[in-house]
Each structure stands twice: as C-alpha cells, then as structure tokens.
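Written below as structure tokens is the structure these notes are about.
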Amino acid sequence: MTEPHYLNNQLMIEDVSLSQLAKEVGTPCYVYSRSELERNYLAYRHALDAFDSQRHKVCFAVKANSNIGVLSVLANLGSGFDIVSIGELERVLLAGGDPSQIVFSGVAKLRNEIERALDVGIHCFNVESETELQRLASIAEEKNCIAPISIRVNPDVDAETHPYISTGLKENKFGINIDQALDIYLRAQQCSSIRIIGIDCHIGSQLTTTAPFIDALQRVLTLVDQLEANGITLEHIDVGGGLGVTYQQEQPPTPGDYVQQLMQVLGDRPQTLLMEPGRSIAANAGVLLTRVDTIKTSDDRHFAIVDAAMNDMIRPALYSAWMDIVPLQANSSAQSHEYDIVGPVCETGDFLGKQRTLAIAEGDLLSVNSAGAYGFVMSSNYNSRVRAAEVMVQGASYQIVRQRETLEDLVKGESIVS
Ligand SMILES: *Cc1c(COP(=O)(O)O)cnc(C)c1O
C-alpha cells in the first residue's frame, strides 16, 4: 500500500513508520512516497499507452513539487516536465530530466530564461503573449537557431474551482484570447526563427469534473481546424494540467477516465496529446508531519498549536483549503475535543485546520495529508522560520532529499549596514 495507512496503531508510508521517521528527522517535515509518485505518474502513462504508446507526453508540472529527489523519481520513468522559470529548468536538469521533453509555460519569460532554454534544446515554448513571441523570435535569430512554439490560448471556460486557481477565463492574465490566436499564429508563421509545433491551454487547478476540460478542448479543436485551413499543421495538442485530487470528499475522475474522454473528443486526429499534470501526481504522494507543541483552551475553544505553520503549508490560509489531519498514532489517554490546529506565526490566518475532532496531547505527532503538491514549494521563511526538511520513502527505507534549513541558511547573503 502506497498511501498513508495504519499498521499496529502506527501511521505508515510504504513500510516506514512515520513516528519513527519524525523522531529521527524532526518536525516539521515533508515525507513523500516514491511508489505513490510512480503510481500516479504511471496512471497517466498507461492510460495514454492504451491509445498510442510512444507518442504522447506526460510533462509533470514542476511548480507542484520541485524537489530534485521528486523530479529524479519521475525523470527515471522517462517523464517530461512543464516548467515556468529558469530555476525550475535547472532543477529538472540536475534531476536528470531530458531537456527535449521539457515544455516552458509562464506568462512572462525573461531573456536569460529563453536563452538558457534554447541552449539546452527544450521541446517547446508555450507562448502567452505577442510580446513574448517577438522576444523569442529575435533571441532565436540572434542565436541562429529555431524556437519551437505552441500558443497558449485562453479558451474562456469556467473551471468551477477556487478563483485563485482558475486560469481559463477571459479576465485571467493567462494565455492569448482564443479569438485572437489565429492572428498570432499567422504572424508566428512569418518568423523564420520560429517553428510552430503546437497549441496549449490550462484552465485551472483542482478540477473535479471533466466537463470544463472537454469544453476547452472542443474550443481548441475548432481553432486547430482553422489553423489547418490556413496551412498551419500542428504536431501536438497540450491540454495542460488541473485534474483534482481527493482532499476531503471530492471525487475527481481518474487519469484513466479523463484520458479516455479526451481521446474520444480527439478521435483520429493525428496530433500527439500532451498533458501537464502536477497536483494529481504529487499531492497524495506526500504528507507534512508536525508535533503538537502547546494545547491551549480559551472559553469553549481548543487550540492545538503545532510546530508547522502557514510558512510551511499555506494552502489553508491562501485558499481556505481543507486538508485532512490525523494522528501518527492513537493516544488512548487523551480526551477528544474539537481543535483548531494552528501554527506559531503571528497571523490569525495561520491555521492548518479548524474544528477537527482529535484526541491529542502536547508532544503528539500529526500528519497533514495530501500535502505533496503546492506544499513545500510555497513555503517561506516568514517569521524567520527555517524551512522544513523533505524526505523520500522507498520501501522500508528513507532518504532526506532536502535538509532542514539552519539558522545560518536563514541569514545567508544578508549583511549589517556599515
Ligand atoms: C499549474 C500548471 C499546471 C499544473 O496544474 P495542476 O493543477 O497541478 O495539475 C500545468 N500547466 C500549467 C501551465 C500550469 O500553470
């Protein structure tokens, strides 16, 4: 079993007891399961292989979890990667990722980022504006090379997810309005340093139904036909990421169901299908471990102040996200109460969960589940807190894939004014 599960009253990831791990590594710490990462990635691959092996690409969205250990597990399986910065590019290369399987997304790519990506020979630039297209064309020309591109269109569909993670509406900053995309493609066709290879969209994150994806794909295909009529034949269609996961009661489609529905819409079109899943590969492959530091009761409210905080895991504070919080082992001598699980940061928004019925005492260890995506990557040093360690479990063993920061790390590069 690769998801967290109890064995003899001990929460386990694979064959590692998380209490034991927390004792050895300390808290807060992120723990990932190698086999769960692999299983989630392979769910996409196998679904795609059922239609046409080799051709399709699954490009893990690095922004969901950019730890080099995590990326190396996926690179070992031959995964592609979707990046949004030069920092993510360097991480993928360090992890052993294949540059020719990298797609570069993001609303504004800087000159140095474009240069580096051209130098290493990435698969495709997902262009998000006309300015970017021109910048890319002129840099490629200077370097005497040809930049492969896809235009990210904004299909104007409502992903019906949290507004902060909805990206496919006209009012969002992402992509090129689908009505203007044909013009931009025609302009791109005139540039000798640009090679048009695809089209992409990404409408949002944590989608729990396929309808918005299918809606977006149909709009994209209308444009693909228009392009064809204008002499522009595409090699790939990139549907982005966004498939949701179960945090609480959500019942998102499986990657298998999702791929099957996409394929039905694509029919016998010749284009390769590209996907950029992030959350659905990493979220349920990770947990955040934390220790109850202080139990505090005021009037009728119970607070469990834990050693992880919004700087370690911002999803509850930022999106009001609900994350499951469970003890690493049942405490039979503690009384059960409804707790707000909060961190030590000086913000009222600093909570990991509210109104959770738990039987816990000071010193107990808790797991914040489904924390493998948009967890550590969004962490900060706010309140001058060092960032957590990250650990990869495989089988009965584990490896620290990022050391906990030290107080020296915290002030690295800073100096007093002389
Ligand atoms: C964030 C993002 C993804 C990944 O989204 P998930 O919801 O994590 O699957 C894919 N593509 C682009 C362009 C993104 O910005």
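Structure above, values below:
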item: Some residue of the range 189-203 being open to solvent by 10 Å² or more (accessible area, probe 1.4 Å), within 30 Å of V368 (Cα to Cα) and either basic (K, R) or touching an Asp or Glu at 6+ places or on another chain (Cβ under 8 Å) (or both); result: yes
item: Positions within the range 140-171 being within 18 Å of V84 (Cβ to Cβ) and open to solvent by less than 40 Å² (accessible area, probe 1.4 Å), in sequence order; result: A147, P148, I149, S150, I151, R152, V153, N154, I165, S166, T167, G168
item: Matching helices (runs of 4 or more DSSP H) fully within the range 51-159 where at least 3 residues are touching a residue at least 60 places away in the same chain (Cβ under 8 Å) and in the same structural domain as G372 (by TED's automatic domain parsing); result: none
item: Whichever residue in the range 68-86 is within 15 Å of the ligand (Cβ to nearest atom) and not β-branched (V, I, T) and, among such residues, is most open to solvent (accessible area, probe 1.4 Å); result: S85
item: Pick from the range 198-217, criterion of a type outside the set (A, V, I, L, M, F, W, C) and either outside the structural domain of L234 (by TED's automatic domain parsing) or assigned to a helix (DSSP H, G or I) (or both), ranking: farthest from the ligand (Cβ to nearest atom); result: D215
item: Test: residue in the range 33-46 that is of a type in the set (S, T, Y) and either farther than 19 Å from E276 by Cβ or without any contact (Cβ under 8 Å) to a residue 12 or more places away in the chain (or both); result: yes
item: Some residue of the range 12-26 being in the same structural domain as G363 (by TED's automatic domain parsing), surrounded by 20 or more Cβ atoms within 10 Å (Cβ to Cβ) and of a type in the set (S, T, Y); result: no
item: Residue in the range 238-259 that is without any contact (Cβ under 8 Å) to a residue 40 or more places away in the chain, within 16 Å of the ligand (Cβ to nearest atom) and at negative phi present; result: yes
item: Whichever residue in the range 382-399 is open to solvent by 50 Å² or more (accessible area, probe 1.4 Å) and under 17 Å from T290 (Cβ atoms) and, among such residues, is farthest from the ligand (Cβ to nearest atom); result: N383
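The values are calculated or read from the model by the stated rules, or taken from the named source; none is laboratory data. Source: prediction; values computed, not measured. Backbone-built Cβ (ideal geometry, glycine too); neighbour counts: all protein chains shown. Note: accessible area is taken over every heavy atom of the protein model, side chains too, but ligands, DNA and RNA are not part of it. Shrake-Rupley method; radii C 1.70, N 1.55, O 1.52, S 1.80 Å.
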